[in-house]
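**Student:** Submitted below is the structure of interest, expressed as structure tokens.
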Amino acid sequence: MKGSYLNDAFFGRLETLALNLRADLTGFFGGKHLVKTYGQTVEFADYREYMLGDDIRRIDWNLYSRFEKFFLKLFTDERQMHIHLFLDCSASMGKVEPQKGNYAVAVAAALGFLAVHNMDKTSFKLIKGNRVEDPFGTIVGKNTFFKAISQLENLQFDGDSSIADAVCNCEMGSNDGLAVIISDFFSENEWKKAVDYLTYKRKQVLLVQIVTQDELDPIYSGRFDLIDSEAEELMDSRNLRLRITPSQQIAYQEALADIFEDIRQYCVSHGAGYLRVSTDKPLEQMLFSELLKVGIME
């Protein structure tokens, strides 16, 4: 993938970061995330009185000598979360604007790296049409991660996509970590069903909207043929021939603002994070600042 952001220096800088989850987890043991249940780590949390059937090895005999009652030591539980990275592979994400696709892949790779660096699991779920492809399976460890990344750099963006159908038909566990959807979200509101499904599965949800500067502020005037990159035929109703005027540019900006606000409000109302980033913004700046603001990183 020409213009890829992925290199040793990039991943080296990411090692100073960690992923932070606000929600409790019920995932597998072995990670670094302390949760609000009690387990078998060495970090003390609290005491409680002994009850019939408790493990007598956890009795604090020093407290017994003082109070002549049996108390158990409770320790925090550490769990391993699973980060599901849904990447929109439709044509609008990279067929015409390769930089957009490179940026989206780099965001997914960065989040995946942070997961394995913190002894968590990750999966790259590629949205193609109305289905999800999971070419690498569940990734644990950096060796497996970098093998997957070497293939992910050759990812092709083409065709249309249905985020709702793809995500809602994807089997996954519940309450075990973070689900991220990376897309431009320039589609109908069907993506909202995907957010509903992920919140139903008790995931911490993050939407990352990737846009280009041309999409944010197109500078055109006169007659143009506007071709939808996901249209299969030139005669598709989505393709238009327009004479672009200043009033139409204003209407475009207003419609774009409405789209952004609709996504933001929906995410707020459903407890999901939302991040919009332009490809002209340095990737490290987005990772080190914007993701901190939405509470995903610490």
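The values are calculated or read from the model by the stated rules, or taken from the named source; none is laboratory data. As the structure is a prediction and not an experimental result, all values here were calculated from the model. Neighbour counts are summed over all protein chains in view; Cβ atoms, including those assigned to glycine, are modelled from backbone coordinates with ideal geometry.
**Student:** Just one of LEU207, LEU216, LEU178, LEU226 is surrounded by fewer than 15 Cβ atoms within 10 Å (Cβ to Cβ) and at pLDDT 85 or above; which is it?
**Tutor:** Numbers: LEU207 fails: surrounded by fewer than 15 Cβ atoms within 10 Å (Cβ to Cβ); LEU178 fails: surrounded by fewer than 15 Cβ atoms within 10 Å (Cβ to Cβ); LEU226 fails: at pLDDT 85 or above.
Matching residue, one of LEU207, LEU216, LEU178, LEU226: LEU216.
**Student:** Let me ask something additional. Kindly evaluate ASP160 against the criterion of being touching a Gly at 6+ places or on another chain (Cβ under 7 Å) and under 18 Å from LEU126 (Cβ atoms). Can you show your working first?
**Tutor:** On the way: touching a Gly at 6+ places or on another chain (Cβ under 7 Å): yes; under 18 Å from LEU126 (Cβ atoms): yes.
So ASP160 fits the description; yes.
**Student:** Given the residues VAL107, VAL116, VAL96, which is the only one that is assigned to a loop (DSSP other than H, G, I, E, B), in the same structural domain as THR16 (by TED's automatic domain parsing), at pLDDT below 95 and among the aliphatic types (A, V, I, L, M)? Before you say what the answer is, go through the steps one by one.
**Tutor:** Numbers: VAL107 fails: assigned to a loop (DSSP other than H, G, I, E, B); VAL116 fails: assigned to a loop (DSSP other than H, G, I, E, B).
VAL96 is the lone residue from the list that is assigned to a loop (DSSP other than H, G, I, E, B), in the same structural domain as THR16 (by TED's automatic domain parsing), at pLDDT below 95 and among the aliphatic types (A, V, I, L, M).
**Student:** Given the condition loosely packed, with under 15 Cβ neighbours inside 10 Å, free of Cβ contacts under 8 Å to residues at least 40 places away in the same chain and among the basic types (Lys, Arg), answer yes or no: does some residue in the stretch 112-128 qualify?
**Tutor:** Initial filter on the stretch 112-128 (loosely packed, with under 15 Cβ neighbours inside 10 Å): none.
No.
**Student:** Does ALA108 qualify as being crowded, with 22+ Cβ neighbours inside 10 Å, in contact (Cβ under 8 Å) with a residue 12 or more places away in the chain and not β-branched (Val, Ile, Thr)?
**Tutor:** Values: crowded, with 22+ Cβ neighbours inside 10 Å: yes; in contact (Cβ under 8 Å) with a residue 12 or more places away in the chain: yes; not β-branched (Val, Ile, Thr): yes.
Yes; evaluated as a whole, the condition is true for this residue.
**Student:** Taking the stretch 150-160, which residues are in contact with a Phe, Trp or Tyr (Cβ under 8 Å, 6 or more places away or on another chain) and surrounded by 15 or more Cβ atoms within 10 Å (Cβ to Cβ)? Steps first, answer last, please.
**Tutor:** Quick first cut of the stretch 150-160, residues in contact with a Phe, Trp or Tyr (Cβ under 8 Å, 6 or more places away or on another chain) only: 151-152.
If the condition is that a residue be in contact with a Phe, Trp or Tyr (Cβ under 8 Å, 6 or more places away or on another chain) and surrounded by 15 or more Cβ atoms within 10 Å (Cβ to Cβ), then LEU152 is the only one that fits.
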